[in-house]
Structure formats: C-alpha cells, structure tokens
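The values are calculated or read from the model by the stated rules, or taken from the named source; none is laboratory data. All figures in this text were calculated on a predicted structure; none of them were measured in a lab. All Cβ positions, even for glycine, are placed from backbone atoms using ideal geometry, and neighbour counts span all protein chains on display. Side chains are part of the model used for accessible areas, which takes the heavy atoms of the whole protein and leaves out ligands, DNA and RNA. Shrake-Rupley method; radii C 1.70, N 1.55, O 1.52, S 1.80 Å.
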Amino acid sequence: MLKIQNLHVKLEDEDKPILKGVDLTVEPGRVHAIMGPNGSGKSTLSYVLSGRGGYEVTAGSATLDGADLLAMEPEDRAAAGLFLAFQYPVEIPGVGNMTFLRTALNAQRKARGEEEVSAGDFLKLVREKAKTLKIDAEMLKRPVNVGFSGGEKKRNEILQMAVLEPAMCILDETDSGLDVDAMRLVADGVNALRAPDRGFLVITHYQRLLDHIRPDVVHIMAQGRIVRTGGPELALEVEKNGYGDILAETA
Amino acid sequence: MAAPKPNAAAREAATAARLADLVLPRGGFTAAARAEAIARVRAMGLPGRRDEYWRWTDPAALNAAHPEGAAAFRVDRPIFEGRDKVRLVFVDGVFDAAASDDPALAGAEIALLSGAEGLDIHWAKALYGTLEAASHDPVPRPLAALNTAAAGEGVLISVSGRPARPLHISYRQSSEMSDVMLHHVIRLEPGAELTLLETGTPGARGNVVTEVDIGAGARFHHIRPQGRAFDRVLVTHLFARLAEGALMKSFTLTANGRLTRNEAVIRIAGDGAVAHVAGAALGDGKDAPFLHDDTVFVDHGAVGCESRQVFKKVLKNGAQGVFQGKILVRSGAQKTDGYQISQALLLDDDSQFLAKPELEIYADDVKCSHGSTTGAIDETALFYLRSRGVPRSEATALLVLSFLADAIAEIEDPELAEAVTGRLEDWLARRTG
Ligand SMILES: Nc1ncnc2c1ncn2[C@@H]1O[C@H](COP(=O)(O)OP(=O)(O)OP(=O)(O)O)[C@@H](O)[C@H]1O
Ligand SMILES: [Mg+2]
C-alpha cells in the first residue's frame, strides 16, 4: 500500500539533511507505529508524504498503491487516499468547520469522478461520526480549530479522517495532549476505521495509545532513519528502557 | 498673503477650465447651494498629487474635462434579485422610468432631483450641499463640491417610517463615454429606518455624492456593490450626520475598476450614536489597472458613541490599494469607542497596499484603536486545506473569504450578506484559478 524506499530529504533553503534513507512498507489492513526521539524526523516524514513545501527530496521514492506520491500535488495525494492527522492542527479563522469538511469531501469525490454528497446526506454523515467522537454540534459550527482545546483539535482530526475515509492514514502524535478518556475516544475512532484495505502509520511517543490501537509492526526512527523494526514488544521495550539501548546498538 | 506658487496658478487654471466646461443646472431650490459650491471649488481648486490625501491616488482622470472612455461591463449580473425592493434605474446617469419601479415606498417620500429641481420650496433644500459644505475642514474635498454644483440628477429620499422593502438605486452604464454626476439626499426622521442598496457602474466616469441626515434613533443600512466595468473611474462621497442614538452601517464591495475613490465623512453629532463603515475590495491588475482608495473621516462630537471602520482589500497582478482613515474625537466626546482596521491580502509580490491610519483625540475617557496589516496567504493554512483534498484555487478562495469575513459581517441582513458573499465567490472562482 504505502511504500517508502531509501527516502532522503533535506530542507529546501538549507543544506540540512533530515531524512537519511528511510525504508518502510505498510501493507493493507495493517497498523504500523513509529516511535523515536524528538527531532528524529517523524513529522518530517509525514509532511513529505503529504506534500508540504519547504522540503527537498534528494533521493528515494514513496508510492501509494504504486502511484508516485512525490510527484503529486497535496490535494491529489488526498484524493488518492492519503490522510495526515497533524501533530499541530491548523486554525483557520473565518472558515466554518462544516464548510471546510464538505468542501474537502466533495473535492476528493470530484477528483475521483464520484458524485458530490448532498447537503442533507453530508450533515447526517458528520453528525453520526461526531457523536461517536463526542464532538458537539456547537464545535462543528465554529471556524476550523479556532478556540478548540488541544484535545478538541485532535478529535477534530479524527473526525475529518472518519468522514473522508482515506485508504492510508498517518497519525502524527494524535495522542499527545489528550486526557485518558479522549485518548480512548480517539483510539476507538481509529479502530472503527480498521479495515482489510486500509493502512495506518501511527506516530507516537507513548505505549498508552498502542494499548488501545494494537500495532502489527513497530519502527524506531532515529536521526532520519528507521533503526529498528519489530513487533508490539518493541514499544514496550522503549516504554521500559527508553531509547538508550537501541540507539547505542545501532550507533 | 504671499503670491501664489506656480503650482497654485496651474491648479487655478485647471479648475477654471473644468468649471468653464461644465453645463451647470439652473436649479430652483438648489440654486443658492450650487452657487456656493462653485465658489468653494474655485477657492479649493481641483485636487492634485501634492495634496496630503491625494499622494497615493492620482486624481487626473477625475479632474479631466472629459472621461477617457470605458467599455461597459459585458454581463453585470443583477445582485439582490431574490429580494422584494423598490428599484430605480439610472442608465448613464439618466433615470430610466421604464426599467424602474414606481418610486413609491410606504413610509418614505421619494423624488428625483431633476424633477424637484424647478421647485423653490422643497424639504431637501435644508440639506442639499450642506453636509458636503461642512466637510472641507481640515481636508478639502473639491470633487464633492464640484458635484454639488453640477449634478443634474439624484434621488431625494425622506423617510418617516420603516419601509419593509429596501430602496435600490441601480446604475447601468451603456455609453463608453458617459460622464455621470449624481447627488442623492437622504433624510431619516427620528425613529425611521431605511435600507439602501446601490449597485452597478454609474458611467464611464462617475462622481456620486450621497448626503444622509440620520435623525434620533433612526437606522440607515447601506449596501453598495460597485459595478465591475474594468476601465471605469469613480469617485464617491458619503456624507452622514448622526443624531442621538442613530445608527448607520455602510458596506461597499468593489471588484474591478481602473480607479475608485470612496470617501466617507461621518459626523457623529448625537450621544449614543453608532456608525460602521466597511468595505471589501478585490483587484486584479491583469485586465486593466486597478486602484482602490478608501478615505474615511469619522468625527466624534458626542458622548458614548461607537464607530467602526473595517476595510479589506485583496490584490493581485499589480493592483493598488489605498486606505486613509481618521478618527477624530473632539473634546467632550467622552466614552467614545472608536475602532479602525485596514488590511490587505496580497496574492502576489506585484501588488501594493498603502495605509495611513490616524487618530486625533481630545477627550480623555475614550477607547480607540486602529491597526493596519499587509500579508500574504497563510501557507500553513493553505497546505492544511490542500492536504484534505481541497485544490489550491479553491483553498485560496476559502482563505480569501475568511480574510474578508469581518467586513462582510458588517452587513446586518443575512440574506443580503449572502448575496454579497455569492458575488465574492464568483469573482474568486474566476480569479484564483
Ligand atoms: N522547516 C524546518 N526548518 C528547520 N528545521 C526543521 C524544519 N523541519 C524540520 N526541521 C528539523 O528537522 C528535524 C526533525 O524534525 P521533526 O519535526 O520531523 O521531528 P520529530 O521526530 O517529529 O520530533 P517530535 O517528536 O519532537 O515531534 C529537527 O531537528 C527539526 O528541527
Ligand atoms: Mg513531530
């Protein structure tokens, strides 16, 4: 599904390499987790995959179901099924949450040659998804993420994911800043989306999220590379001993 | 007094030439006002680039004896169509009775200046030219005085009740050379309420003055989508005087136009009055030059009043935006709440926004603030939208609308606000591709 090979990335304006040869493949139906120290390049990887500017790919490739992601505009990557839940969701004053989400959904459908969703059907869809994430109607009426608490912003990301139903979901620290109950809501939201044809890449610092979203594979990223790959036990090891041993081993 | 500088002599000559070229209406009840206005124009002279408030906007096209000519806009689709209203149509400044509704509105008295002109006695006599005449200190507004002197047409509206339907003054341009001067006089009696819609391009060149006297507790709503002809030049002056507890809200939408200078001079004379003026201007220099200038003067002369100026401009391809806004709080005008914001969103590096915000305060217990910003589209927000599948052009349009939201929020009627938003969306769909 998602296939990353030997990906090298540097900052566009600076000769600062950030990703130094990332190899990673997520198969359909599987949940992969990425852990790693601060500044190791996890968010950068998610941004480069989704097409944020400011980075330059100097080598390697990234494909989604065979299509060259790196050659596409961000909106085309979204239409192709890629979704990134941001580590820091963006506030957009003056644009209503509902308008935003409906514009996004219909733009994606249009790009795929599908019918647009009617206003009525859309409302029903969002209400239903919002309810399971305990997002109240008042929040939906507000401008995108404006005045939302940290936890509300993260839940709003998951709501967008639930409505857009992407094939490949990347979650960048969606658990950070969440209280215990919100964490469970988010995890339930993710689990509800698990499907044989959908892949997940979950970036996190904590085992706690992985207790709820059980990953199939865990990767450790350090200094712009995947330095270890293993099963769920790898996350438990990090939780217990930190990164010291792993980094020492690979240095 | 010293001898006039060479510059002054040139101005005097140009002014004399312009006046000599005008066909002045003879006037009945307006005769005295017109004669005084001519004297004012002579004394002030036509505006020039060296004048403090014309440094950024070249008045040459407004001063010239004749317009340069401007093609009429192909399809200026009607706006506010869904709304039941009384519509008065002016084609190249001439009233078109066949295209207009019967100028009758319950609770209001409506007449044409050209029709009432011959009368010696008219309610508008007490108002015609008076707010304009009082507006020149400290900044002269000679083009408004020129209008008082020479405008042959306009609408005289006296409102005593609260008409349910808006009055719609609809301008159409048909001639490429039309040179139009219109002078409207509006009186709202105490407690009255009027919604005035003013749409379209008056002519290839337009000079429109509106004098509004808002009585105690009266409410005046003004929504003005200015015509979209690319080459037209236009100067407007909105003079308003507010009595105790009066309210006015004026919103102007401008898309296209080689030159637009919208002046508003608002005198808050009664305690507890509220005056809001807002504008959204969209300029794309691709098809024709675009210069849009808002020059606003709010004069607080009473206690406990509120004023709000919200002006937003979206500029691309070398479009130019100018904002000159002043809040004056006279001594004794305590508890004044004055607010002013002017912002430009530049869609490229070629466009330019110049702003001159001014506060002049002579009272100590007031709350006044002003701000001016120039910025580009927020790349982070743009990426966020695109990462959700919204194409760049649509995402840009959404962000532009969000930028304009505060100005549109100054339109109180949700249906009219929606119509204006629709117009903005159309423009953006064509221009942000
Ligand atoms: N636009 C940028 N400008 C400058 N440095 C950058 C930029 N983007 C990333 N970096 C640098 O690249 C490195 C990787 O950053 P990144 O945000 O990808 O780390 P991360 O693994 O997500 O960290 P965290 O766990 O703290 O979220 C850091 O050293 C960061 O400072
Ligand atoms: Mg990060």
Go through (1) within 25 Å of A:N241 (Cα to Cα); (2) open to solvent by less than 60 Å² (accessible area, probe 1.4 Å); (3) within 16 Å of ligand 2 (Cβ to nearest atom) one by one and return the number of the condition A:G39 breaks. (2)
Quick check on region A:45-63: of everything there that is more than 14 Å from every other protein chain (Cβ to nearest Cβ) and β-branched (V, I, T), which residue is nearest to ligand 2 (Cβ to nearest atom)? A:V57
Considering only region A:90-109, state which residues are within 7 Å of chain B (Cβ to nearest Cβ) and hydroxyl-bearing (S, T, Y). A:T103
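Looking at A:G177, A:G199 in this structure, which one is more than 14 Å from every other protein chain (Cβ to nearest Cβ), open to solvent by less than 10 Å² (accessible area, probe 1.4 Å) and within 24 Å of A:Y47 (Cβ to Cβ)?
On the way: A:G177 fails: open to solvent by less than 10 Å² (accessible area, probe 1.4 Å).
Result: A:G199 is the single residue among A:G177, A:G199 that is more than 14 Å from every other protein chain (Cβ to nearest Cβ), open to solvent by less than 10 Å² (accessible area, probe 1.4 Å) and within 24 Å of A:Y47 (Cβ to Cβ).
Among the residues of region B:412-424, is any open to solvent by 20 Å² or more (accessible area, probe 1.4 Å), of a type in the set (G, A, S) and away from chain A (no Cβ under 11 Å)? Give the derivation first.
Pass one, region B:412-424, residues open to solvent by 20 Å² or more (accessible area, probe 1.4 Å): B:412-415, B:418-419, B:421-423.
Imposing the further condition that a residue be of a type in the set (G, A, S) reduces the set to B:419, B:422.
Filter once more, so that each one left must be away from chain A (no Cβ under 11 Å): B:419, B:422.
Scanning region B:412-424, I find at least one residue that is open to solvent by 20 Å² or more (accessible area, probe 1.4 Å), of a type in the set (G, A, S) and away from chain A (no Cβ under 11 Å), so the answer is yes.
Determine whether A:R112 is basic (K, R) and surrounded by 13 or more Cβ atoms within 10 Å (Cβ to Cβ).
On the way: basic (K, R): yes; surrounded by 13 or more Cβ atoms within 10 Å (Cβ to Cβ): no.
For A:R112, the condition - basic (K, R) and surrounded by 13 or more Cβ atoms within 10 Å (Cβ to Cβ) - is not met.
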By residue number, the members of region A:64-89 that are buried (at least 17 other Cβ atoms within 10 Å of the Cβ) and within 16 Å of ligand 2 (Cβ to nearest atom) are A:L84, A:A85, A:F86, A:Q87, A:P89
A:L210, sole failed condition from (1) surrounded by fewer than 19 Cβ atoms within 10 Å (Cβ to Cβ); (2) of a type outside the set (D, E); (3) farther than 26 Å from A:Q108 by Cβ: (1)
If we ask which residues in region B:186-211 are touching a residue at least 40 places away in the same chain (Cβ under 8 Å) and under 21 Å from B:V159 (Cβ atoms), their number turns out to be 11
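Could you list, in sequence order, the residues of region A:214-227 that are charged (D, E, K, R) and away from ligand 1 (no atom under 15 Å from the Cβ)? So that I can check it myself, show each step before the final result.
Of the residues in region A:214-227, the ones charged (D, E, K, R) are A:214, A:216, A:225.
Matches in region A:214-227: A:R214, A:D216.
Tell me whether region B:287-305 contains one or more residues that are touching a residue at least 12 places away in the same chain (Cβ under 8 Å) and within 14 Å of chain A (Cβ to nearest Cβ). Outline the logic, then answer.
Applying the first criterion (touching a residue at least 12 places away in the same chain (Cβ under 8 Å)) to region B:287-305 yields B:287-305.
When the remaining residues are screened for being within 14 Å of chain A (Cβ to nearest Cβ), the result is none.
Scanning region B:287-305, I find no residue that is touching a residue at least 12 places away in the same chain (Cβ under 8 Å) and within 14 Å of chain A (Cβ to nearest Cβ), so the answer is no.
Does B:A376 satisfy the condition of being closer than 30 Å to A:R109 by Cα, more than 12 Å from chain A (Cβ to nearest Cβ) and surrounded by fewer than 18 Cβ atoms within 10 Å (Cβ to Cβ)?
On the way: closer than 30 Å to A:R109 by Cα: yes; more than 12 Å from chain A (Cβ to nearest Cβ): yes; surrounded by fewer than 18 Cβ atoms within 10 Å (Cβ to Cβ): yes.
Answer is yes for this residue.
Matching residues to (1) within 9 Å of ligand 1 (Cβ to nearest atom); (2) open to solvent by 10 Å² or more (accessible area, probe 1.4 Å); (3) closer than 24 Å to A:N191 by Cβ:
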position	(1), (2), (3)
A:L11	yes, yes, no
A:E14	yes, yes, no
A:G21	no, yes, no
A:P28	no, yes, yes
Could you please tell me which pairs satisfy a Cβ distance under 6 Å, a separation of 6+ or placement on different chains, a first residue in region A:8-35 that is on the phi > 0 side of the Ramachandran plot, and a second residue that is among the basic types (K, R)? A:G21/A:R225
With criteria (1) open to solvent by 70 Å² or more (accessible area, probe 1.4 Å); (2) under 23 Å from A:N106 (Cβ atoms); (3) within 13 Å of chain A (Cβ to nearest Cβ), B:F403 comes up short on (1)
Evaluate region B:390-398: report whether one residue or more is of a type in the set (K, R) and either more than 14 Å from chain A (Cβ to nearest Cβ) or open to solvent by less than 20 Å² (accessible area, probe 1.4 Å) (or both). no
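Residue-by-condition table, conditions (1) within 14 Å of chain B (Cβ to nearest Cβ); (2) open to solvent by 50 Å² or more (accessible area, probe 1.4 Å):
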residue: A:L123; (1), (2): no, yes
residue: A:K131; (1), (2): no, yes
residue: A:M139; (1), (2): no, no
residue: A:R142; (1), (2): yes, yes
residue: A:N145; (1), (2): yes, no
residue: A:R155; (1), (2): no, no
residue: A:L159; (1), (2): yes, no
residue: A:P166; (1), (2): yes, no
Which condition number does A:N6 fail, the rest of (1) open to solvent by less than 60 Å² (accessible area, probe 1.4 Å); (2) more than 16 Å from ligand 2 (Cβ to nearest atom); (3) in a strand (DSSP E or B) being met? (1)
Filtered residues of region B:312-346 (kept if more than 19 Å from the chain's Cα centre (by Cα) and farther than 16 Å from B:R431 by Cα): B:L328, B:V329, B:R330, B:S331, B:G332, B:A333, B:Q334, B:K335, B:T336, B:D337, B:G338
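One residue is enough: does region B:29-41 have a residue meeting the conditions assigned to a loop (DSSP other than H, G, I, E, B) and under 30 Å from B:A288 (Cβ atoms)? Break it down stepwise before answering.
First pass over region B:29-41, keeping only residues assigned to a loop (DSSP other than H, G, I, E, B): B:29-30.
Narrowing further to those that are under 30 Å from B:A288 (Cβ atoms): none.
No, region B:29-41 has no match at all.
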Does region B:101-117 include one or more residues that are touching a residue at least 12 places away in the same chain (Cβ under 8 Å), assigned to a loop (DSSP other than H, G, I, E, B) and at positive phi? yes
If you check B:A216, B:A288, which single one turns out to be surrounded by fewer than 23 Cβ atoms within 10 Å (Cβ to Cβ) and modelled with pLDDT under 95? B:A288
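Could you please find all residues in region B:215-237 being part of a loop (DSSP other than H, G, I, E, B) and within 14 Å of the chain's Cα centre (by Cα)?
The first filter runs over region B:215-237 and keeps only residues part of a loop (DSSP other than H, G, I, E, B), leaving B:215-218, B:227-232.
The answer is B:G227, and nothing else.
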